[in-house]
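Notes for the one structure printed next.
The values are calculated or read from the model by the stated rules, or taken from the named source; none is laboratory data. Predicted model, so just to flag it, every value in this text is computed and none were measured. Here Cβ is always computed from backbone atoms with ideal geometry, including for glycine, and neighbour counts include all displayed protein chains. Note: areas computed on protein heavy atoms with side chains; ligands, DNA, RNA excluded. Shrake-Rupley method; radii C 1.70, N 1.55, O 1.52, S 1.80 Å.
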There are 2 protein chains.
Amino acid sequence: MDHNGRDDDRKKEDNKEEENGLSLERVFENQEVPSWRNQLTLRAFVVSFVLSILFSFIVMKLNLTTGIIPSLNVSAGLLGFFFIKTWTKFVERSGLLKQPFTRQENTVIQTCVVASSGIAFSGGFGSYLFGMSEAVAKQSTEHTDAFKNPSLSWMIGFLFVVSFLGLFSVVPLRKVMIVDFKLTYPSGTATAHLINSFHTPAGAKLAKKQVKVLGKFFSFSFLWGVFQWFYTAGDGCGFASFPSLGLKAYENQFFFDFSATYVGVGMICPYIINVSVLLGGILSWGLMWPLIDTKKGDWYPADLKASSLHGLQGYKVFIAIALILGDGLYNFFKSSKISYDEQQRTRLFLKDQIPTWFSIAGYVVIAAISTATLPHIFHELKWYYILVIYIFAPALAFCNAYGCGLTDWSLASTYGKLAIFVIGAWAGASHGGVLAGLAACGVMMNIVSTASDLSQDFKTGYLTLSSPRSMFVSQLIGTAMGCIISPSVFWLFFKAFKDLGTTGSQYPAPYATVYRNMAILGVEGFSALPKNCLYLCYGFFGAAILINLIKDALGKKWARFIPNPMAMAIPFYIGSYFAIDMCLGSLILFIWEKIDKVKADAFGPAVASGLICGDGIWTLPSSILALAGVKPPICMKFLSRRTNSKVDAFLGS
Amino acid sequence: MDHNGRDDDRKKEDNKEEENGLSLERVFENQEVPSWRNQLTLRAFVVSFVLSILFSFIVMKLNLTTGIIPSLNVSAGLLGFFFIKTWTKFVERSGLLKQPFTRQENTVIQTCVVASSGIAFSGGFGSYLFGMSEAVAKQSTEHTDAFKNPSLSWMIGFLFVVSFLGLFSVVPLRKVMIVDFKLTYPSGTATAHLINSFHTPAGAKLAKKQVKVLGKFFSFSFLWGVFQWFYTAGDGCGFASFPSLGLKAYENQFFFDFSATYVGVGMICPYIINVSVLLGGILSWGLMWPLIDTKKGDWYPADLKASSLHGLQGYKVFIAIALILGDGLYNFFKSSKISYDEQQRTRLFLKDQIPTWFSIAGYVVIAAISTATLPHIFHELKWYYILVIYIFAPALAFCNAYGCGLTDWSLASTYGKLAIFVIGAWAGASHGGVLAGLAACGVMMNIVSTASDLSQDFKTGYLTLSSPRSMFVSQLIGTAMGCIISPSVFWLFFKAFKDLGTTGSQYPAPYATVYRNMAILGVEGFSALPKNCLYLCYGFFGAAILINLIKDALGKKWARFIPNPMAMAIPFYIGSYFAIDMCLGSLILFIWEKIDKVKADAFGPAVASGLICGDGIWTLPSSILALAGVKPPICMKFLSRRTNSKVDAFLGS
């Protein structure tokens, strides 16, 4: 069975990239690619260790204050370059430099830091893990006696037995995602362009120009981020809340949020993905959610909290997951078929490939250890719950890595919510379902989050000619680092601030409460799901498979016009605003290609990478500003005319 | 004495324009320029009449509601084109078309409409004239018995004896301003580019490209205006209130207000003018006004209204006028010297020139009639007040036309305030100084406003090869139309709405009260001027002359780096925000010229004209929306962090 039908569009996209890659690799052809062992240097891991601690501190503090964690991938690449470059320049002067700094080494650092600091997020210190604690439990009215306080030992143990599973589950998928499916992984691609641009040798003309364009848009995007910051003094302030399509559309999440990142992502993603995302947004936020909202009081109680999975939120999460699972499982099983044929050929061809038996064996061994160990940490989490999770996890990891490759979004927390609900309902209220749900969420999130993060890294590695083997080792080391650094950093906070997790305090950890509340609702079981939700889920699951079947049945010519269910599902839960950003990026590229195809092909990826990376780097200083308590001075607020006159009257008096 | 020293920079600018003009006129060289009589067609005046009525209604309603009047010049040109083109196409089809529609005829319409609808503003129906009425008078606490109610007869009479003076005073200056000084008149230039673009014959390649560029930026600027509109639901809302340089700078009028018009104006104005405007803004709003503000309670009473000329406002108006007068008078007397030399040569050379003796004679005759008639209309306005005004008026008209040529700003209302103050103080409270001041304001504003408006038109005429004589006739006819249409339209409003001018009503005519209050304060005389204001005025008047002397003394090489006092004075009263816009335009052009001089020279004026005209056209629909009571839905508000948390608390409760 041929794979052409589905990926026609992606291939076209990729050819363009390859042309670029080709011309880029021509630039690098005089530079020897170091062996995979030489890509792993001591200095790289020293720098990674330092950066990991830095990033873990940043992520942890954000976990415990706002709960909103930006992606620090790009910063990892840039700071890694900066540190090693300074070091090698220093050593070079003294004539002692043995090994020059290569882009592969740069990628290794980036990968290691991402793997390590990712655990500060997926470890759930601001969500499920801390949601188990007494401090959070006693703020609820129900299940206040179901708690498990943090302790350094069990947190490290827990992380060690769950964090490596994502890595082993994604390694065999690496070739499928990047070589076969040719997924874009926009952030990974952008980071690779950035790293390549740092290491572009002198004398390469086109590459020089590309680097210049990248630098220009990088600066623009960074400065735009800085400018935007000044106007975000409060909630709903700033350009990210600009109701550019009107207030009504804004309420339904239709607006252009001026995010340079997603405009860039839109330029990297194939047109059909952008269109699918927009279609999904219109279908969900424009049609389904408003319609379901009118059934309030009928299909589900009208007095629920906005975050309750028993209300509208439930439809959003479950329908999105049904659609994603439908598409993801179809492609998961399809890909395993192909890879059986092709793997034999490519295995020998691809150097430094990690054998599939190795990763499967690794997964099984760790899963076994984990299944045996976890019930000792969480008594409420029975071994058969864990076994079930581990049976389904690779498919979900595949889904998340696949969706992330298409749209740049990782829906780790959505899968986590699914686990809370399913395991919580299974365990039930009487058997400590709250803690079981939260623990299951942790197991699930660690796997799926790692899977998408590391796939992004593999894409970066692919585009910088880094060895998969060195990447894998770097990820292993990074994950191990993270399993120790993150809990330690959390422990520092936990010991230093006694009111950690208390609403209104300096460190309220808002999402810890949110996750706990979800777990409390979860134990009520499937019967508490809002009306018709399951039927809708079946429908969307089936629709996803049907769309895939139609796509495969159609010829190449028409298949590329069939929207992608996975991409459609992403805005179901998140909102359509990023779809607008992406479509704008897509439109810009489309017009550019109409005007000057050659230039658009040569410089499009550089522009997109600049936009993504500039915005990405700004997250670092902006996070530091937030942690230092420096707040923006101005709020750019958007009020309806009626509210505005009220406010004017209030301010005037 | 040579004029090169001063205008070196302007000439450079102008050469560029001429290159463009040359290539443009080459495009038109196969089109015969109609004789001046043939430029004046009946159909043109029919269209002008219709448009004048339309525009007078719009301006009048704005006069009486918000008091803020946009410029409708560009709309006049565009609608004129649209009407006649439709008409000629229609007639052409029936084979009866005798005379094709030319750009000169288009200019004639534009000029006529501007002259006519300008009177709806300068007639003071929303300011000084209506400020005399009983309705406004009885809202004050002082001088409530000094009023003169509107009546159709005296208003028409008044307008007829004062409105033509500006025209006659500007005609002899036309050559000086446009041919000798080569002033830019950005709006006039932009309108000319627009008109030329409408009439560009087929087959002209560069011109076609220029028209395309103009059209692109026209659309962009128009759509930008539309987009901005949606966010201006209240005072201080929208992009025009964007504190882009911070709230502190915004309070002192330093911000980029996203006005496409002034970015375009900045691209047309020479660099030194842009720099001068910014320097003036920094000197006044950045330095002097904050310093003077610290003397509040010492130099002037602390409890004054913000609009009182006895406080900070007084410094702003008088110092600006002193600087303008210093520069203006210097150039006025210098220009009369040169023109004596050169006029002999150029008079015969320039076809259709209006002889100076004619305009001087016209001015003297009308001034004499006016001096004799006005005291019969306003008993408080003694004939010698009028005589004094008419002796000084040409110089002030020159100043305003000159300043407008440099920076596109007409300061007519500032000169009007000067007249209120000087004549009011002279007459004194006991001799009906309030009405005398308001009437004097009318006399002054009509002259200086007409002078700048018509100079803009002359620039348009110059760039469209329209005959000065046909322009003059069109302006005469337009002015006469305006003297009848405007009072009639006002009369309709006055008769239809009984509560006209009452605060809080549908037609509050806010500026009528403001002008009356200024007149009430004016009668307190010069002694009531804030402390040191006169000394500062002397200083700035002297400084302006000194700067000119230095400029003339320096060689060409250095003179172009000397800032222009007139341009520096404009932001003194208005604020620096437009200086930021202009400097941005200037910067864009500068960078463009660095990157590609040839392209920048060829397309710069088209881009600037597009920006100015697109924004200009939007004023028409936006005015109509305002009149129809359609209000924008959203307010984009800018609050300090502190205020924002207050507002959030207010809205939350």
*If you roll a 1.4 Å probe over chain A with all protein chains in place, what percent of the accessible area is carbon or sulfur?*
66 percent
*asked:* Using a 10 Å cut-off around each Cβ of peptide B:628-637, what is the average number of partner chain Cβ atoms that fall inside?
replied: 5
*Calculate the spin-label point distance for B:LEU245 paired with A:LEU291, positioning each point 7 Å from the Cα along the beta-carbon direction, and give it in nanometres.*
5.4 nm
*Looking at the protein assembly as shown, send over the antiparallel percent of its DSSP beta bridges, to the nearest 5.*
80 percent
_Just the number please: accessible area per residue for the protein assembly as shown, 1.4 Å probe, all protein chains included, in Å²._
40 Å²
*Rounded to two decimals, what is Rg over Rh for the protein assembly as shown when you use alpha-carbon atoms and the Kirkwood radius?*
1.05
*Grab the beta carbon distance between A:ALA368 and A:GLU92, set R0 = 60 Å, and tell me the FRET efficiency rounded to 0.05.*
0.80
*Peptide A:232-240: average number of partner chain Cβ atoms within 10 Å per residue?*
3
*Find the Cα radius of gyration of chain B, compare it with 2.2 N^0.38 Å by division, and give the number to two decimals.*
0.93
*Other chains near A:642-652: what is the mean number of their Cβ atoms within 10 Å of each residue's Cβ?*
5
*asked:* For A:LYS85, give me every one of the lysines with a C-alpha distance below 16 angstrom, ignoring sequence neighbours fewer than eight places off in its own chain.
replied: A:LYS98
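Tally Lys and Arg at +1 and Asp and Glu at -1 over the other residues with C-beta under 15 Å from the C-beta of B:PRO530: what net charge comes out?
+2
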_What does the charge count around B:GLY131 come to, taking other residues whose C-beta lies under 14 Å from its C-beta (Lys +1, Arg +1, Asp -1, Glu -1)?_
+1
*Between chains B and A, what is the buried accessible area in Å², counting both sides, with a 1.4 Å probe and ligands, DNA and RNA left out, to the nearest 100?*
2400 Å²
_What does the C-alpha gyration tensor say about the overall shape of segment A:154-295? Classify as rounded when a/c is under 1.5, otherwise prolate if a/b is larger than b/c, or oblate._
oblate
*Show which lysines lie in cross-link reach of B:LYS557 when reach means a straight Cα distance below 17 angstrom and same-chain residues fewer than eight apart are skipped.*
B:LYS11, B:LYS12
*Taking only DSSP H segments of four or more residues, each worth -39500 (n - 2.57), what value at 222 nm results for chain B once the sum is divided by all its residues, to the nearest 500 deg cm²/dmol?*
-24000 deg cm²/dmol
*Got the B:HIS431 label distances to the other copies yet, label 7 Å along Cα→Cβ, in nm, shortest first?*
10.5
*Among A:124-135, A:139-150, what's the highest-first ranking by average C-beta atoms within 10 angstrom per residue?*
A:124-135, A:139-150
_What does the copy distance list look like for A:LYS98, label position 7 Å along Cα→Cβ, in nm and ordered from shortest?_
10.0
*First select every other residue whose beta carbon is under 12 angstrom from the beta carbon of B:ASP257; then total the charges, Lys and Arg +1, Asp and Glu -1.*
-2
_Burial ranking of peptide ranges B:85-97, B:546-558, B:378-390 (average Cβ count within 10 Å, highest at the top)_ = B:378-390, B:546-558, B:85-97
*Give the nm distances, rounded to one decimal, from A:ILE591 to the matching residue in every other copy, measuring between label points 7 Å along Cα toward the beta carbon; shortest first.*
1.8
*Furthest towards positive pole of dipole, A:LEU625, A:ILE591, A:TYR402, structure part the protein assembly as shown, Cβ charges*: A:ILE591
_Sites B:VAL50 and B:ALA361 - FRET efficiency at Förster radius 41 Å, r taken between beta-carbons, to 0.05_ = 0.75
_Which entries of A:LYS334/A:LYS551; A:LYS594/B:LYS594; B:LYS551/B:LYS594; A:LYS305/A:LYS531 have Cα-Cα distances beyond 22 Å here?_
A:LYS594/B:LYS594; B:LYS551/B:LYS594
_Over 29 Å between Cα atoms: which of B:LYS212/B:LYS556; B:LYS89/B:LYS212; A:LYS208/A:LYS459 fall into that group?_
B:LYS212/B:LYS556
*Using R₀ = 56 Å, calculate the FRET efficiency as 1/(1 + (r/R₀)^6) where r is the Cβ-Cβ separation of A:LEU549 and A:PHE82; round to 0.05.*
0.65
